[in-house]
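Remarks on the structure that follows.
Bear in mind that the values in this text are calculations on the coordinates, not laboratory data. Computed from a prediction, not measured in an experiment: that's the story for all the values here. Here the Cβ is made from the backbone with ideal geometry for all residues, glycine too, and neighbour counts use every protein chain on show.
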Amino acid sequence: MSLKEAAAREAYLKTLVDVVNDAYKAARAETQTLLDAAAEETGARQVAVTLPNGPDIATVSLASGETAAKVIDEEKFTAWVRENYASEIERRFVTDVREAFKKKLLAEMTAAGSTEYADPETGVIHDVPGVAIAPARARTHAVRFKKDGRDQVMAAWREGRLATVALPELTAGGAE
């Protein structure tokens, strides 16, 4: 293959990948919205995926999000650490909490599900300012294919059974 042919092939495939990727992102967002609604309305957390006129090829399942302790007000958090744990402050041109100590505190507060920190040496329970328990990772979903599910999707694509169901329409000149 010549350089010109290789470059042309890459350009063609990039165009197709970009269009399919945009369609995939839109389909994924729509699936997430509908899964969230189904979970709230009926408690359903998964759905079987079936090919047109074919077998089940996958399961799409809702995965819960996670929450974690986060510093939301750096100044308040740093002032509290300076007052209660001065040895954990690094002094440079700016005052900053040592990253290892910050990580330790946030991990302990995440595990407790609270912005309170119990000092293991003194037993004092601190309500740590500038920290909140907040979403750390959004709720999402996963597609798990059956053993030969991907092969069945490829066969259906080659046979033209997915053209009107799953594939985005390729429009002239990027028009929509």
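Listed values, structure above:
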| quantity | calculated |
| --- | --- |
| DSSP-loop trypsin sites (Lys or Arg not before Pro) across the range 25-101, with at most 16 other Cβ within 10 angstrom | Arg45, Arg92, Arg98 |
| In Hz, Karplus ³J(HN,Hα) per residue of the range 21-29 (6.51, -1.76, 1.60; θ = phi - 60°; x = Gly, Pro) | 4, 4, 5, 4, 4, 5, 5, 5, 5 |
| Fluctuation leader among Ser64, Ser114, Ser87 - the chain, Gaussian network, Cα springs under 10 angstrom | Ser87 |
| Radius, Kirkwood style, for the range 66-136 when every pair of distinct Cα atoms is counted (Å) | 12.3 Å |
| Rounded to whole Hz, the Karplus (6.51, -1.76, 1.60) HN-Hα couplings of the range 41-47, x for glycine and proline | 7, 10, x, 5, 10, 7, 9 |
| Lysine pairs in the chain with Cα atoms under 25 Å, if 8 or more residues apart or on separate chains | 10 |
| Identified option (computed volume of the Cα convex hull per residue in Å³; candidates (i) 119; (ii) 271; (iii) 150) | (ii) |
| Part-to-part distance (alpha-carbon centres) for the range 103-170 and the range 24-65, which is given in Å | 15 Å |
